[in-house]
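Presented below is the structure to which this report refers.
None of the figures in this text is laboratory data; all of them are computed from the coordinates on show. Since we're looking at a predicted model, the values are computed, not measured. Positions of Cβ are backbone-derived with ideal geometry, glycine not excepted, and every protein chain shown enters the neighbour counts.
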Amino acid sequence: MAANNPTGVDKEQAFGMAETEMEYRVELFNRLAQTCFNKCVDKRYKESELNMGENSCIDRCVSKYWQVNSMIGQLLSAGGRPPM
Amino acid sequence: MASSNPETESNNGSSIAKEPEKPQIEAFRMPTMEEMRAQEVWNNCAVRSVASGVMGGGLGLMMGMFLGALDNPIMQEEMTGRQQFMYTMRQMGQRSWSSAKAFAVMGLIFSAAECVVEKARAKHDTTNTVVAGCVTGGTMSAKGDENCKKEYNVSFMGQDEV
């Protein structure tokens, strides 16, 4: 393991971490889009544009999802075990 | 004859026309930032209600002009042609202005109420329209009631004095 980086992080390690992070992000985006779409948009499409109700619903859905996600992430990273 | 191989097509619906009569389906493009902002303008409640009020005013103007022209037929003996014309014009103008105001207020209130209710419920339903109609009807009749009361009082009191 050649540490040719003065900060001590290996190039390969950094690359692996970046890859994991990227996968996590992609997974988060996909799940968020899927959940909010299923929740907010009626399956019988009457028009191609998002109307105002769906817009508000998606705004709220994304906001809540993001909040919950960050909150749980903090809990898990701080405690190491979810407090139950 | 063109074969539609799913892997060779782009994944959002562009296809080769199979027969000459079928319309070409064009590829799906994601909306640009300008398009999204243009759509966001119409999501604003104030913009929508003002636009609706303006359209209602235009409609009221047209309707008032048309109905005002037919309102009181004037006698031939009293005025010359030009005076008849001016009289009819003034009457049409008054009628159309009052009608335009009424319709503009109605359109404004309906559109604003529907927008607010839909944003609050976050659902696209007919319930929004129903509630907005109720609010509009209530407002218009509340306004109308005052005028009716005043006219009624005046006529009533006039009869008392006599």
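At-a-glance table
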| quantity | calculated |
| --- | --- |
| Sequence-separation-based contact order of the range B:102-142, relative, with Cα cut under 8 Å and 6+ spacing, percent | 48 percent |
| B:ASN72-B:ALA51 pseudo-label distance in nm [points 7 Å out on the Cα-to-Cβ vector] | 4.1 nm |
| Ranked A:TYR45, B:TYR87, A:TYR65, criterion: other C-beta atoms within 10 Å, fewest first | A:TYR45, B:TYR87, A:TYR65 |
| Violating pairs (Cα-Cα greater than 31 angstrom) within the set A:LYS11/A:LYS39; A:LYS43/A:LYS64; A:LYS39/B:LYS101; A:LYS46/B:LYS22 | A:LYS11/A:LYS39; A:LYS39/B:LYS101 |
| Residue order, fewest to most surrounding Cβ atoms within 10 angstrom, among B:ILE25, B:ILE109, A:ILE58 | B:ILE25, A:ILE58, B:ILE109 |
| Shielding score for B:33-44, defined as the mean number of other chain Cβ atoms within 10 Å | 1 |
| Residues A:ARG25, A:ARG44, B:ARG48 arranged by fewest to most Cβ contacts within 10 Å | A:ARG44, A:ARG25, B:ARG48 |
| Karplus-derived HN-Hα couplings along the range B:89-97 (A = 6.51, B = -1.76, C = 1.60, θ = phi - 60°), whole Hz, x at Gly and Pro | 4, 5, 5, 4, x, 4, 4, 5, 5 |
| Shielding by partners, peptide A:54-63 (average Cβ within 10 angstrom, other chains) | 3 |
